[in-house]
Amino acid sequence: MEPEVNGNGGNGGDRPQSLNTAAARNLATTTKSEPQMQGISSRWLLRLLPWVEASGGAYRVNRRLAYTVGDGRVTFTNVGAEVRVIPQELQELALLRGFDDEEVLSALADRFVQQEYQPGDVIIERDTPADRIFLIAHGKANKIGNGEYGSQTVLRVLADGDHFSSQAVVESDDFWTFTVKAVTPCTVLALTQDDFEAMVDRSDTLRAHVERFIADPQKAQNTSGEAEIELASGHEGEAVLPGTFVDYEGSPREYELSVAQTVLRVHTRVADLYNEPMDQTEQQLRLTIEALRERQENELVNNHDFGLLHNADFSQRIHTRGGPPTPDDFDELLALVWKEPSFFLAHPRAIAAFGRECNRLGVYPHSVDVNGHHFPSWRGVPIFPCNKIGISETRTSSILLMRTGESKQGVVGLRQTGLPDEYEPGLNVRFMGISEQAIMSYLVSAYYSAAVLVPDALGMLENVEIGREN
């Protein structure tokens, strides 16, 4: 019987004329990829940090003795909308540094008056009497003065905890040489010269302290706030040379290694029967280590004890001038970490925001080659992406700039090598045995921390606007 032929010359019905691909795949060998994991990032911070051996699980940072009271910023308390300065925090003012009479400090704190300003309001105006101390409890303001060629320019951005000008109240007939204007809603505490002088008249200890300050406000300090080293130069003959010694901090900070751990479990049946073409235990371990390294980088950035975002000195933190990160903001950050800066670190969206500002201004940053990878740069300093630097609900982020390495007194990573059952430097995998359910267990541990050797090794641009969410 001849097969039925339709009018188009084909076979009748739906019978296939050849083996279809679905059936053929049953006899074919499938090419497989290794298990993929979207959470794996480039982790440039882990690659770029110089790693220092922390034997014994700790690393002590010894520094010269500094006279700086604390973080340079004043701290406040609030009950609802009412704000009060913490009395001991008044020692952050140069005028009151080292003055520890708690009763007098508390009385001074009570005399500060709270004031509120809206964006655009003038807090103080140039050439008006400088007759009070201002503490910025919350908000951001611009300190405005004359530039090099007479034009008005932003001299500094003032923000939470900043203060000005405590020295003005001890000088008669003094006038402001700059204007301060609110950029955001600002809560400010002010102490008048009359109130301060009244406290000086009432307290012998405060009067004596102020007199010493007026006599020599910079006594025994160098420009970095450290104990001065007495030297002589340019002398002739048999001049008497000064004697000196270099003093150290009495209680240096110690960084203890942190740990990220997990227990990897693999059933022996899986490990025995399903190891071709890929080793199941090896792939499980690879992805586990990737997750631990991601956690490690996140901790190096965000940990409240040693994370870089929390260990940037307050004097090394600045705000953007207008919201988005501009070339001027990056220059200001470079001025903070000017001694051999190594790299910027920013969220990819913050880098994109910087690129938009450069495009708007017609500025086109050069790219630099780092181990075969091309990255944008500013002033020759590469800008590396890091998705561990968070983005707030208001679409703001931070940008870090650091100098790295022990020899440069920079930022260093800390780890200990030579661990038992070490799998990678600072990471070990220890076999924990097989359970009665025939499940093998492995303890995977990564040990790490980070240290900022001197404050000016790390700078931070805060509250960077990255644009609206698409």
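The values are calculated or read from the model by the stated rules, or taken from the named source; none is laboratory data. What you see is a predicted model; the values in this text were computed from it and never measured. For neighbour counting, all protein chains shown are included, and Cβ atoms are generated from backbone atoms with ideal geometry for every residue, glycine included.
Here's a check for you: in segment 299-340, which residue that is among the polar types (S, T, N, Q) and surrounded by fewer than 19 Cβ atoms within 10 Å (Cβ to Cβ) is nearest to the chain's Cα centre (by Cα)?
Here is the first cut: in segment 299-340, the ones among the polar types (S, T, N, Q) are 302-303, 311, 315-316, 320, 326.
Keeping just the survivors that are surrounded by fewer than 19 Cβ atoms within 10 Å (Cβ to Cβ) gives 302-303, 315.
Details: Asn302: 8, Asn303: 11, Ser315: 12 Å.
Out of the qualifying residues, it is Asn302.
Does segment 225-247 contain at least one residue that is under 30 Å from Pro87 (Cβ atoms) and either modelled with pLDDT of 65 or more or in contact with a Lys or Arg (Cβ under 6 Å, 6 or more places away or on another chain) (or both)? Checked segment 225-247: at least one residue is under 30 Å from Pro87 (Cβ atoms) and either modelled with pLDDT of 65 or more or in contact with a Lys or Arg (Cβ under 6 Å, 6 or more places away or on another chain) (or both). Pairs meeting the criteria (first residue in segment 32-49 and in contact (Cβ under 8 Å) with a residue 12 or more places away in the chain and over 22 Å from Pro348 (Cα atoms), second residue in a loop (DSSP other than H, G, I, E, B) and among the aliphatic types (A, V, I, L, M), beta carbons under 7 Å, at least 6 apart or on different chains) are Glu34/Met278. Only one entry of Leu345, Leu300, Leu308 meets the criterion of being more than 18 Å from Thr396 (Cα to Cα) and hydrophobic (A, V, I, L, M, F, W, C), and that entry is Leu300.
Listed conditions (1) under 17 Å from Gln261 (Cβ atoms); (2) assigned to a strand (DSSP E or B); (3) not aromatic (Phe, Trp, Tyr) are all met by Met460, apart from (1).
Among the numbered conditions (1) in contact with a Pro (Cβ under 9 Å, 6 or more places away or on another chain); (2) more than 24 Å from Thr288 (Cβ to Cβ), the only one that Gly413 does not meet is (2).
Select from segment 83-117 the residues that are of a type outside the set (Val, Ile, Thr) and in a strand (DSSP E or B) and list them in ascending order. Steps first, please.
Just the residues of segment 83-117 that are of a type outside the set (Val, Ile, Thr), to begin with: 84, 87-103, 105-112, 114-117.
Of everything in segment 83-117, those that are of a type outside the set (Val, Ile, Thr) and in a strand (DSSP E or B) turn out to be Arg84, Gln114, Gln115, Glu116, Tyr117.
Within segment 419-457, which residues are over 22 Å from Arg293 (Cβ atoms) and not small (Gly, Ala, Ser)?
As a first pass, look at segment 419-457 and keep what is over 22 Å from Arg293 (Cβ atoms): 433-440, 453-457.
If the condition is that a residue be over 22 Å from Arg293 (Cβ atoms) and not small (Gly, Ala, Ser), then Ile434, Glu436, Gln437, Ile439, Met440, Leu453, Val454, Pro455, Asp456 are the ones that fit.
Where strands (runs of 3 or more DSSP E) sit wholly within segment 356-421, those with at least 2 residues that are more than 18 Å from Ser342 (Cβ to Cβ) and within 17 Å of the chain's Cα centre (by Cα) occupy 396-402.
Regarding Glu424, is this residue of a type in the set (D, E, K, R), closer than 19 Å to Leu257 by Cα, over 20 Å from the mean Cα position of the chain (by Cα) and assigned by TED's automatic domain parsing to the domain that holds Gln316?
Numbers: of a type in the set (D, E, K, R): yes; closer than 19 Å to Leu257 by Cα: yes; over 20 Å from the mean Cα position of the chain (by Cα): yes; assigned by TED's automatic domain parsing to the domain that holds Gln316: yes.
Spelling it out, Glu424 is indeed of a type in the set (D, E, K, R), closer than 19 Å to Leu257 by Cα, over 20 Å from the mean Cα position of the chain (by Cα) and assigned by TED's automatic domain parsing to the domain that holds Gln316.
Among the residues of segment 341-357, are any within 24 Å of Glu294 (Cβ to Cβ), among the hydroxyl-bearing types (Ser, Thr, Tyr), crowded, with 17+ Cβ neighbours inside 10 Å and in contact with a helix residue (DSSP H, G or I) (Cβ under 6 Å, 6 or more places away or on another chain)? Scanning segment 341-357, I find no residue that is within 24 Å of Glu294 (Cβ to Cβ), among the hydroxyl-bearing types (Ser, Thr, Tyr), crowded, with 17+ Cβ neighbours inside 10 Å and in contact with a helix residue (DSSP H, G or I) (Cβ under 6 Å, 6 or more places away or on another chain), so the answer is no. Scanning segment 31-53 for residues that are aromatic (Phe, Trp, Tyr) and surrounded by fewer than 17 Cβ atoms within 10 Å (Cβ to Cβ) yields one hit, Trp51. For segment 394-408, the set of residues classified as at pLDDT below 95 and at positive phi consists of Arg395 only.
When restricted to residues that are modelled with pLDDT of 85 or more, assigned to a loop (DSSP other than H, G, I, E, B) and surrounded by fewer than 20 Cβ atoms within 10 Å (Cβ to Cβ), segment 133-160 contains 0.
Against the condition surrounded by fewer than 14 Cβ atoms within 10 Å (Cβ to Cβ) and closer than 16 Å to Leu334 by Cβ, how does His366 come out, does it pass? Yes, satisfied.
Looking only at residues in segment 8-60 that are closer than 19 Å to Val301 by Cβ and among the β-branched types (Val, Ile, Thr), the one that is modelled with the lowest pLDDT is Ile40. For Leu414, the criteria (1) at pLDDT 95 or above; (2) surrounded by fewer than 13 Cβ atoms within 10 Å (Cβ to Cβ) hold in every case but one, which is (2). Glu465 passes every criterion in (1) of a type in the set (D, E, K, R); (2) touching a Gly at 6+ places or on another chain (Cβ under 6 Å); (3) modelled with pLDDT of 95 or more apart from (3).
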